Amino acid sequence: MIAGLFLAAGLIVSASLATTAWLKVKNTQFITVKGSARKNVSSDLVVWRGAFTRQAGSLLVAQKSLKADAEKLRLFIVSHGLTNFTFTPIAIEEVRGTSTDVAGLTQPRVLGYRLTQAVRVESGAVELMAKLDRESVSLVEQDVMFTAQVPDFLYTKAGEAKVEMLAEATRDARTRAEQIALQGGRSIAQLHTADMGVIQIAPIYSGQTSWEGMNDTSSLDKTITAVVTATFALK
């Protein structure tokens with residue numbers, strides 16, 4: 001009997017909510033809904049960065065060693081079929097320490113120089129760039145003190161995709177609005193207002209979102225999500 005009472009109460013509440021929703025749709029002149037669109041894409045540009053360092057007691061020796069390392073790195077990149085790369089200016093840092101003079105006083109002095117240079121490689125040949133990244137450890141075997149960063153995977157056609165997806169999200173919002181209006185015995189007229197939400201570009205199947213929007217560069221395959229809040233007039 002108790003179970004039956006709960007079931008009856010649930011049906012009454014559900015019927016009440018449905019009636020309330022129907023009345024709202026029936027009595028208002030506008031309806032506001034959210035529409036969304038999703039698209040899976042693959043990155044079409046990879047940016048790879050790294051830096052190498054040399055340290056020596058003499059600035060000239062350090063500079064010659066760094067120049068030789070830069071040539072080894074250049075040959076390494078070219079051997080992978082890649083040509084779009086740039087080297088940054090050399091950063092020079094003094095290596096300081098202390099020494100004790102004949103009077104027993106400690107004095108600061110320059111012990112040597114540390115030189116650092118970075119390289120940036122860009123290419124749409126994703127497989128070649130992946131191979132470059134994997135095999136960059138071989139530079140250490142050539143006595144190059146090289147450290148690579150995690151590659152950035154970019155989708156350069158994101159702007160075009162956003163326009164297309166916002167239109168699709170608006171169509172989705174209209175379909176939702178039509179279904180809701182139909183339950184209230186109404187139909188949809190023209191679009192009144194539309195507000196675009198943030199665009200999410202996240203790793204595929206991750207479901208990650210951000211209030212400010214996302215622009216993932218860590219994954220090769222991504223999902224672009226667009227959301228539109230649309231208000232339609234009812235008739």
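The values are calculated or read from the model by the stated rules, or taken from the named source; none is laboratory data. Computed from a predicted model, the values in this text were never measured in an experiment. Methodologically, a virtual Cβ is constructed for each residue, glycine included, from the backbone with ideal geometry; neighbour enumeration extends over all protein chains shown.
Quick notes on this structure:
- Qualifying residue in the stretch 105-119 (condition: of a type in the set (S, T, N, Q), at pLDDT below 95 and more than 20 Å from PRO89 (Cβ to Cβ)): yes
- Test: ARG96 is surrounded by 13 or more Cβ atoms within 10 Å (Cβ to Cβ) and either touching a helix residue (DSSP H, G or I) at 6+ places or on another chain (Cβ under 6 Å) or farther than 30 Å from VAL227 by Cβ (or both): no
- Residue check, VAL144 modelled with pLDDT of 95 or more and part of a loop (DSSP other than H, G, I, E, B): yes
- Residue match in the stretch 180-187 (condition: part of a helix (DSSP H, G or I), of a type outside the set (Gly, Ala, Ser) and touching a Phe, Trp or Tyr at 6+ places or on another chain (Cβ under 7 Å)): yes
- Taken as a whole, the condition of being assigned to a helix (DSSP H, G or I) and either under 21 Å from the mean Cα position of the chain (by Cα) or not assigned by TED's automatic domain parsing to the domain that holds MET214 (or both) applies to LEU166.
- Residue that is at pLDDT 90 or above, farther than 26 Å from VAL47 by Cα and not small (Gly, Ala, Ser), where the choices are ILE201, ILE180: ILE180
- Between LYS67, LYS24, LYS39, LYS72, the distinction of being of a type in the set (Lys, Arg), modelled with pLDDT of 95 or more and out of contact with any Leu (no Cβ under 9 Å at 6 or more places or on another chain) belongs to LYS67 only.
- Screening the stretch 29-64 for residues that are touching a residue at least 24 places away in the same chain (Cβ under 8 Å) and basic (Lys, Arg) and picking the one that is surrounded by the fewest Cβ atoms within 10 Å (Cβ to Cβ) gives ARG38.
- Failed item in (1) surrounded by 13 or more Cβ atoms within 10 Å (Cβ to Cβ); (2) more than 12 Å from the chain's Cα centre (by Cα); (3) among the β-branched types (Val, Ile, Thr); (4) more than 30 Å from ILE31 (Cβ to Cβ), with VAL140 passing the rest: (1)
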